[in-house]
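A short write-up of the structure that comes next.
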Amino acid sequence: MDGREHDMKKGLFSIFYNMALFLYKKACTWGLPLFSSRQVEADLMQLHPGENIEWVKTNYYVKKLGMILGILLIGGALGIAVRLSALGMSLLDQDGRLTRGGCLDGAVEWQLIADDGTGRRDIRLLLFPRTLTEDEAEEMLLRFRRELPGNILGKNQDLQHVTFPLELRDSYEGYPFWVEWESSRPEILDYEGNPCETKAEERVTLGAEIVYAQGGYSWKENISVTVVPPGLTPEEQSYRELEEYLTILEQEERGEETYQLPSSWRGRDLQWRLRVEDNSLLLWALALATSVLICHLSDRDLHERLEKRKKKLKQEYPDVVYRLVLLVGAGMTIRGAFQKMAGDYERKCKKGIKVRPAWDEILYTCRELRAGVSEGAAYEHFGKRTGLREYVRLSGLLAQNLKKGNSMLLERLREEAEKTGEERLLQGRRLGEEAGTKLLVPMVLMLAVVMVMIMVPAFGIL
């Protein structure tokens, strides 16, 4: 591997680099139009004059492809890991058992999926720990009484529109109280919170006796609720009854370490799974979107680099013309002037001078001349590589001097220098006007501050 291939691998994992290089070669072999953007190739040629365009293009596409592959593979692997984790978490024991928490833990809400062979339905099951003893920690009663109406809502929107079972439990997470419930109308709403089907709205008063076991204190609390007709479909009614059945089983088995989910319901087999959050699709979508974004931003960044280069070339054009006027006026030929300018630039580069695109083009032109390219063709190439009309005009002037032996070359160069000077002056004025416009907002803000500093003392005097 030569030094250039080693530079191509910097910043990329070797596995992504090798994969990207393999895919790029296959795409080129099969003639796929994935890596054949004319705009990108034109930008690369202007950004890297004199370099092997095939190597430059390969370097660019392999780096971009390697970055995309890295994002896709890492994002895909994370998505698969999340997917497998979600699938693993959704599995129950073969006999459908849910493990209860410790006696100091709160109630656990399980999101289940019931499958009876004809369809699936989401089921919510509140699984309590083993029956709490009387030595639980105490909590403030006022806060508990304030939050109690909201704690018993269950799936209902409010207590004035009760259609689903209420959460009338004997204890609530985070509080050391035991609660005993009574209903003023058990035939409408029993003490466990299960409403009966009604044809009209029925008002019921729930009585809660709140007991602080450790201190031996108790308080009474009355809560008014309204039971309304459910208006459920037969299927929804069936699943509601299943949910109520699960609640009854849970209450009967609170002394057990585990809770046994039923394996059948009304003659149909049930399969249970846990509902867990699965973000694998989101990760895959993010990885794909990021890859597309990088693909777009890479080409746009390449074009922005080219535009910055053209801007620098335009800024350096007056210096090139003035230097040519000076050297040709001193008696040098055009070729000698180019060689002089290129030699000076090479010596400065060795001292660490910043890269100057215009002088790079002059240096490349001299290398073409030493390689045997005719002087006229080298000057024409000089103008075309820049892609700017100023340099094309200058290269045409130099090539015309070789073909027709124009004795007025120095005078034409001086006219070009004067024209360039005027354009530079206009450009400076334009930039100054733009800078003044940009400074207008800060000036207005400063004026507002000054006005405030003047007006505040004046109002204080009044």
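The values are calculated or read from the model by the stated rules, or taken from the named source; none is laboratory data. Bear in mind that the values here come from a model prediction, so they are computed numbers and not experimental data. Note that we place each Cβ from the backbone using ideal geometry, even for glycine, and neighbour counts take in every protein chain shown. Ligands, DNA and RNA are excluded from the accessible area calculation, which covers all protein heavy atoms including side chains. Shrake-Rupley method; radii C 1.70, N 1.55, O 1.52, S 1.80 Å.
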Check your understanding: Volume per residue, Å³, of the convex hull around the alpha-carbon atoms of the chain?
Key -> 377 Å³
Revision key, fill the gap. Mean accessible area per residue over the stretch 283-435 (1.4 angstrom probe, all protein chains present, square angstrom) is 59 Å²
Practice item. Any chance you could check the Cα centroid distance between the stretch 17-84 and the stretch 146-162 for me, in angstrom? Key: 59 Å
Review point. Going highest first, how would you order 238-248, 345-355 by mean Cβ packing within 10 Å?
Key: 238-248, 345-355
Study note, to complete from the structure: The answer for N194, listing residues at least 5 apart or on another chain whose modeled amide H is closer than 5 Å to its amide H, is L166
**Study point:** 3J(HN,Hα) from dihedral phi, the stretch 180-197, Karplus parametrisation 6.51/-1.76/1.60, rounded to Hz, x for glycine, proline
**Key:** 10, 9, 9, 10, 6, 9, x, 6, 9, 9, 7, 5, 8, x, 8, x, 8, 5
Exercise for review: Apply the membrane-span-like helix rule to the chain: whole DSSP H runs, Cα extent along the own long axis of at least 30 Å, mean Kyte-Doolittle hydropathy at least 0.5. List the helices found.
Suggested key: 53-89, 440-461
Study note, to complete from the structure: Here the net charge surrounding R335, from other residues whose Cβ is less than 12 Å away from its Cβ (Lys, Arg +1; Asp, Glu -1), is 0
Point to revise | Top positive-direction residue, dipole computed over the stretch 272-366 with Cβ charges, set T290, L306, V321 | key: V321
Study note, to complete from the structure: In the chain the accessible area split gives carbon plus sulfur, as whole percent at 1.4 Å, a share of 57 percent
Practice item. May I ask which of K311/K351; K25/K312; K311/K419; K350/K403; K63/K310 have a Cα-Cα span longer than 27 Å here? Key: K25/K312; K350/K403
**Study point:** lysines whose Cα lies under 29 Å from that of K220, excluding same-chain neighbours fewer than 8 positions away
**Key:** K155
Point to revise | Net charge of Cβ neighbours under 10 Å - reference R393; Lys, Arg +1; Asp, Glu -1 | key: 0
Exercise for review: Would you mind giving the three semi-axes, in whole Å and largest first, of the ellipsoid equivalent to the stretch 306-437 according to its Cα gyration tensor?
Suggested key: 25, 19, 14
